[in-house]
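The structure under discussion appears below in the form of C-alpha cells.
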Amino acid sequence: MAPGQVTGRTRPMKPKKQQRTQKRKRDDVDVEQLEQAVSELDSKATYTNFSDLPLSAPTTAGLKAAHFSALTDIQAKAVPLALKGKDILGAAKTGSGKTLAFLVPVLENLYRAQCVGGDAGLGAMIISPTRELAIQIFEVLRTIGRKGHLFAAGLVIGGKGLQEEQDALARMNIVVCTPGRILQHLSQTAAFNVDNLRMLVLDEADRILDMGFKRDVDAILEYLPADRQTLLFSATQTKRVSDLARLSLRDPEYISVHEAATSATPKTLQQNYVITPLPDKLDTLWSFLQTSKKSKILVFLSSGKQVRFVYESFRHMQPGIPLLHLHGRQKQTARLDITEKFSRAKHSCLFATDVVARGLDFPAVDWVVQVDCPEDADTYIHRVGRTARYEREGRAVLFLDPSEEAGMLARLEQKRVPIERINVRAKKQSSIKNQLQSMCFQDPQLKYLGQKCFASYARSLHVQKDREVFKLDQYDLEGFAASLGLPGAPRIKFLKADAEEVKRRKNAPREAAVAGSEDEAESGGEEDEDGAAKTKSKNAVRTKYDRMFERQNQDVLADHYAKMIRTEDRNDVDMNRLDGEQEGDDDLFDVKRRIPAGDDSPSADEDDDDAEEDASADPATREVEGAKTIHIPGAKEALILDSKRREKMLKSKKKLLKLKGKGSKLVYDDDGNAHQIYELEDEEAFRARGEAGEQRRKFVEDEAERVRQADLLDKELAKEKKRSKREKRKERERAEAEAEGGEGDEGGVLDGGEEDGLANFIADAQAGSIDGSEAEQEPPKRQKKWFENDKARERTSRAEAAGAREIETFDDLEAEAARLLG
Ligand SMILES: Nc1ncnc2c1ncn2[C@@H]1O[C@H](COP(=O)(O)OP(=O)(O)OP(=O)(O)O)[C@@H](O)[C@H]1O
C-alpha cells in the first residue's frame, strides 16, 4: 500500500502497472472465495490466531511480517464480527490491541469490496482525537498494509499545507484524520467525495463523542452516507443511547472485554497513590526522579503551563535524567520530535499534558506518575495505560492532596481500579523549595512561568466538575505558590455565582465575541493541548480586541507590565482591581473588560501592539463612576476620561509613565530579599537587645569609634597621596634637568622617553637653527592682548627683550627690580 498513491489511466501501461492489473484479476478470484468464507464465519466461535480467520493474502503477509500471530481478546471478539459488516462498540483495557481490532477489518472489508484506486473514492475514515494518535494509527496501517495492498491511504491532521492535503484527499481510499481538519476538508475541498464511504472508525470514541468535539463530529456525520459500517473503540467506552443515536448505529454489537475482568486496568500494572499536600508535590516529584534515574517515566500535569514550568525549572537543577516536555501548544514538528525521542529513549522523563494520555504506544514505559489528579477515573485509566502495555509490566503512582483522597478513591473503586496507598520515605524526600525560590528570583522569565503555572493550576481546579474530589477551598494555594518559588500567591479572582449575571450583562460585547469564536472552534478548530478543540475563526471577523478579551489569566502580570504598577506588595498582583468589586473565593477567574468611557467599540490605533498589551493588561485602569475617572497608580491625581486623546494616552506606555510617580529604591540582601533602604526593626527584637538609652549610648560610642578609625584611614591615605605626588614632581624635574644637560647631544634629545613631546619640540628648534635661514630673525611678534594698544605692546616687548638679555643671575634680577621700582 502506498499512502497518497494514485494510478493514472491515460498513459500507456508500464510493466509495473501491468503487474498490478494482473494482480487485481487474481484478487478478484480471491475476493469471491473470501466473501464465501466470511459469510460462513461463526462470530460466536473462539479464534486464537489471525490464521484462523478468512483474511486476504496481503493482510496475512503484512501481519506476519510485523510478527502478529496470536489474537488478543478484543481482536478475537471484534474482528470476526467486523468482517461480517457489523457495527461495533469495542471496549478493552489499554494496550490490549484495539488498533488492529479495527485496522484488520478496514483492510479486509475494503479489499473484498475492491475499493481500490482513485475511482473507488474514499472507503474508510478513521478518526482520532489527537494528531499523535492519528500518526500512530497510520503507521500501524502502513506496517500491516505494506505487503501487497494497493490502497491509497493518507493522514490528514493539519500541520501541512491545505492544498497538499486537498490534492491527496481526492485519491485516497483510507484516511486517518483528526476531527477538525477532516471537517475543514469536507466543507472546503470540492474534489473530496465521501459518497462511497463504507466504514467509519472512531478510536477513543468516548473522547471524540464528548463535548469538546461534539460540533465537529455532528457536522462530519452530516456529510457521510448513512449506509455504512461504524466501529467505535476505547478503553473507556460510551454506551450512551444519545451517542449511539447520533451515529445511527445499526443494531451494534457491544464487545466489552472489561466486564468479565475484575479490574479495568491491565493485570501487569501495579498502581499506588501517595498523599502529598499540594505545596509538597514538586518536592515529591523531584525526590522520585532522584531515585528513578534509570527508568523511563511519563509525568502527567494538568496544563501546558504546568508542564513548561516544571520542565524549565527541573532542567536548571540538573536531575540526572534526560527531560522532555510535550503539550498541545508546541509546534507539530516539535511534538513529533519529542514523541519520537521519548519512544526511542531508554531512560528519560517526559512531562506532558493529557495530549498523550490516550492511545499512544510508547514502548517500555516503566512509570506513569500523575502529579495532578486526573479529572475523572476514565482519564486516570487512559493515563496509566501508557505503561504495562500488551502483557508488559508497569507501575503507576498518583499524587493526591489530602482533600482529594476520599473522593478520588471512591471514583476509582467504582471503575474497578485496584490502587493502594504507599508512603514516601522521609529519608529520601528532599526539598527544592529554596532552589526554586532563588531561581525565580534570578530569572524573571521563570518567575513569570511560575505565575502562569499557578494561575492555570488554580483555574484547572476551579473548572473541575467533580466537586467531591476537587474542593477548591481546601487546597493550600499560598503554600503551592511558595513551592513554585514565587514570593506570594498571585491573586486569582473568582466571580461569585450570583454576581455572574451582572457581569455577563456588563461584558456583553466580549461574551458575544468569545461565544462566536467558540462556535468556530467547535466547527472548524484543530486539536490543541489536552485534545480540546482549539478556537479557530473562519467566518466571523475577530478583532485584536476580541482576542485580547479572550485571553485567560490577565491578572498574572507580565514583567513589563508588573513594572508599571505600584504595589505595596508586589506579589499581590490583583491589588489594583476595580473599586467596589467584592472578593469572591469560589468561582471563575475574573477577566474584566475595561471599557473606555462612552465607547463600547474599541477605537484605538490597531497597529500599536504595545499599546494594546498595556491597555489590555493594566489592572490599574479603573472604572469609577461610570468609567469616567481613571486612577493611575503612582499618579498624583485621577485622570478624567473626557476625550479620545486621553483614552489614547492610557494606551501608551510612555505617556502613562509620565503620569506615574517615581519608584522607591530597594536594596537586596545576600539571600536576594528586597528591603527598603531604611526599615523599621521588629520591636520585640529591639527590646530584647536591652534598654533603649543604653543601646543609644552604645550606638553613639560605636559610631564615634567607627568615625575615628575612618578618619585615621583618610589621613593615612592623604599622606600617601602627598608623598607620591612629591616623588612624581621630583622625578619630572630630574628628567628636565637631564634633558637640558644633554642639549646638542642628538641621541639624548631625541630619545625622549616619557617626555617625547618636549624632546621633539627641542629637536625642532635645533633643526631650525641648524638650517640657519632664520637664525638672525627677530622672534615672532606675539599677539596683541585685548587691553593693549600698539605703543604699550612695543614697550612691553622692549622691556622683555632687555630683561631677557640682562637677567642671568639673582643679582641681575635684584638690579632690574630696583630699576623698575626706581
Ligand atoms: N495480536 C498482537 N500480538 C502481539 N502484539 C500485539 C497484538 N496486537 C497488538 N499488539 C501490540 O500491543 C500494543 C498495544 O496495542 P494498541 O496500541 O493497539 O493498544 P490499545 O488497546 O489501542 O491501547 P489504548 O487503549 O491505550 O489505545 C502495541 O505495541 C501492539 O503492537
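The numbers here are math on the coordinates, done by the rules we state, and not lab data. Keep in mind that this is a model prediction, so the values were computed, not measured. Counting neighbours? That spans all protein chains shown, and the Cβs are built from the backbone with ideal geometry, glycine included.
For Val424, what is the net charge nearby, where nearby means another residue's Cβ is under 12 Å from its Cβ and Lys, Arg count +1, Asp, Glu -1? Write down the numbers at each step before the final one.
On the way: positive: Lys281, Arg421, Arg425, Lys427, Lys428; negative: Asp280, Asp283.
So the surrounding residues net to +3.
Ranking Met439, Met408 by Cβ neighbours within 10 Å, fewest first, what do you get?
Ordered from fewest to most neighbouring Cβ atoms within 10 Å, Met439, Met408 come out as Met439, Met408.
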Val700, Val156, Val194 arranged by Cβ crowding within 10 Å, fewest neighbours leading: Val700, Val194, Val156
Cβ-Cβ FRET estimate between Ala66 and Tyr223, R0 fixed at 30 Å, reported to 0.05: 0.35
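Which of Asp203, Asp366 has the fewest other C-beta atoms within 10 Å, and how do the rest follow up to the most? Write down the numbers at each step before the final one.
Numbers: Asp203 27, Asp366 17.
Listing Asp203, Asp366 from fewest to most nearby Cβ atoms yields Asp366, Asp203.
For the stretch 100-188, what class follows from the C-alpha gyration tensor (a ≥ b ≥ c being the square roots of its eigenvalues): rounded when a/c is under 1.5, otherwise prolate if a/b is larger than b/c, else oblate?
Working: a/c = 1.89, a/b = 1.30, b/c = 1.45.
The shape class here is oblate.
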FRET efficiency, 1/(1 + (r/R0)^6) with R0 51 Å, evaluated for Glu391 and Asn196 via beta carbons: 0.85
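Could you tally the net charge around Glu683, taking each other residue with its Cβ under 15 Å from the Cβ of Glu683, Lys/Arg +1 and Asp/Glu -1? Walk me through the numbers before you get to the answer.
Numbers: positive: Arg687, Arg689; negative: Glu679, Glu681, Asp682, Glu684, Glu691.
Combined, the nearby Lys, Arg, Asp and Glu give -3.
Here is the link list: Lys267/Lys293; Lys86/Lys341; Lys44/Lys239; Lys64/Lys293; Lys214/Lys294; Lys98/Lys296. Which ones come out longer than 31 Å on Cα distance? Show your work: numbers first, answer last.
Details: Lys267/Lys293 25 Å; Lys86/Lys341 39 Å; Lys44/Lys239 22 Å; Lys64/Lys293 37 Å; Lys214/Lys294 42 Å; Lys98/Lys296 24 Å.
Pairs exceeding 31 Å: Lys86/Lys341; Lys64/Lys293; Lys214/Lys294.
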Difference of contour (0.36 nm per residue) and Cα-Cα distance, Asn49 to Glu738: 236.9 nm
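What does the C-alpha gyration tensor say about the overall shape of the stretch 30-77? Classify as rounded when a/c is under 1.5, otherwise prolate if a/b is larger than b/c, or oblate.
On the way: a/c = 3.14, a/b = 1.09, b/c = 2.87.
It comes out oblate by the Cα gyration axes.
Once the Cβ-Cβ distance between Glu716 and Lys160 is put in as r, and R0 is 60 Å, what FRET efficiency do you end up with, to the nearest 0.05?
Rounded to the nearest 0.05, the efficiency is 0.15.
Looking at the square roots a ≥ b ≥ c of the eigenvalues of the Cα gyration tensor of the stretch 219-344, which shape do they give, rounded for a/c under 1.5, prolate if a/b is larger than b/c, or oblate?
On the way: a/c = 2.73, a/b = 1.82, b/c = 1.50.
Judged from the Cα gyration tensor, the stretch 219-344 comes out prolate (a/c at least 1.5, a/b above b/c).
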